[in-house]
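Report on the following structure.
The values are calculated or read from the model by the stated rules, or taken from the named source; none is laboratory data. Worth saying up front: this structure is predicted, and the values here are computed from it rather than measured. Cβ sites come from the backbone with ideal geometry, for glycine too, and all protein chains shown count toward neighbours. Note: accessible area is taken over every heavy atom of the protein model, side chains too, but ligands, DNA and RNA are not part of it. Shrake-Rupley method; radii C 1.70, N 1.55, O 1.52, S 1.80 Å.
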Amino acid sequence: MNVTDVVWALGRPTIGGLTRAVAPLRNYGVDRVPRHGGVVLALNHFHWLDPAVFGALSPRTIYYMAKIEAHRVPGLGQLIRAFGTFSVRRGESDREAVRRMREVVREGKVLGMFVEGTRQRAGVPGTVQPGAGMVAVQERVPVVPVAIHGTQHWKVGNFAPVSIAWGEPLRFDELPRNAKGYREASARIQDEIHRLWHWLVELHELARRPVVAVPPAA
């Protein structure tokens, strides 16, 4: 067990426990996450609470990629780096971030990417950027699309319910290692995230969310 795994082991009952206390969570389809080997988690993003929710409900340590501005915030930067998060410069080419993304999955770890590139303030999933598809195509590892719903309504003290749905692993071994392949992979990832998210919306419209439910298959 490396240092990052130790930090996660301490963080799950503390930060994870606090997250569960302030946002009633439901976790659907988590058994679909491969328990071994490199994998990309393709995550949609609404709120700063999202990384804590995904981290609390993931069965594996997640190595997040986060904008460099977050790393520069005193206290926050040190905290997220302790959890294995690495930085990326948004809106420009960042070869070091790309190298690190590929290295994470090549080492058999879990890469967590907020694939829209930024929080979606409209409250619905946005356009998936090509980063996750690029890593999957280049390294021939699976992508697990994951949708979150509820955090776009969450505020301190309102205890809004939050759910996530894990999709089935997607593989893109047949796609070419070029821009066309990355675009096709990204389009498939986007379709799955949107489909899972709409399923969560329907669950939240019920009088009571089920404790156990299986997200629809791809």
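Taking the condition of a type in the set (Val, Ile, Thr) and either over 16 Å from Ala42 (Cβ atoms) or surrounded by fewer than 20 Cβ atoms within 10 Å (Cβ to Cβ) (or both), does Val211 pass? Yes.
Considering every residue within the stretch 61-75, establish whether at least one is closer than 22 Å to Pro161 by Cα, open to solvent by 10 Å² or more (accessible area, probe 1.4 Å), outside any helix (DSSP H, G or I) and not acidic (Asp, Glu). No, the stretch 61-75 contains no residue that is closer than 22 Å to Pro161 by Cα, open to solvent by 10 Å² or more (accessible area, probe 1.4 Å), outside any helix (DSSP H, G or I) and not acidic (Asp, Glu).
For the stretch 152-181, the set of residues classified as open to solvent by 40 Å² or more (accessible area, probe 1.4 Å) and not in a loop (DSSP other than H, G, I, E, B) consists of Gln152, His153, Ala179, Lys180, listed by residue number. For the structure I just gave you, tell me whether Val141 is buried (at least 22 other Cβ atoms within 10 Å of the Cβ) and out of contact with any helix residue (DSSP H, G or I) (no Cβ under 6 Å at 6 or more places or on another chain). No.
Of all residues in the stretch 4-50, those that are in a helix (DSSP H, G or I), of a type outside the set (Asp, Glu), in contact (Cβ under 8 Å) with a residue 40 or more places away in the chain and open to solvent by 20 Å² or more (accessible area, probe 1.4 Å) total 7. Once the stretch 76-107 is narrowed to residues that are in contact (Cβ under 8 Å) with a residue 60 or more places away in the chain and not in a loop (DSSP other than H, G, I, E, B), the residue that is most open to solvent (accessible area, probe 1.4 Å) is Arg106. Scanning the stretch 150-158 for residues that are on the phi < 0 side of the Ramachandran plot and among the small types (Gly, Ala, Ser) turns up nothing. Evaluated against (1) among the hydrophobic types (A, V, I, L, M, F, W, C); (2) more than 20 Å from Ala187 (Cβ to Cβ); (3) within 15 Å of the chain's Cα centre (by Cα); (4) open to solvent by 10 Å² or more (accessible area, probe 1.4 Å), Val110 falls short on exactly one condition, (4).
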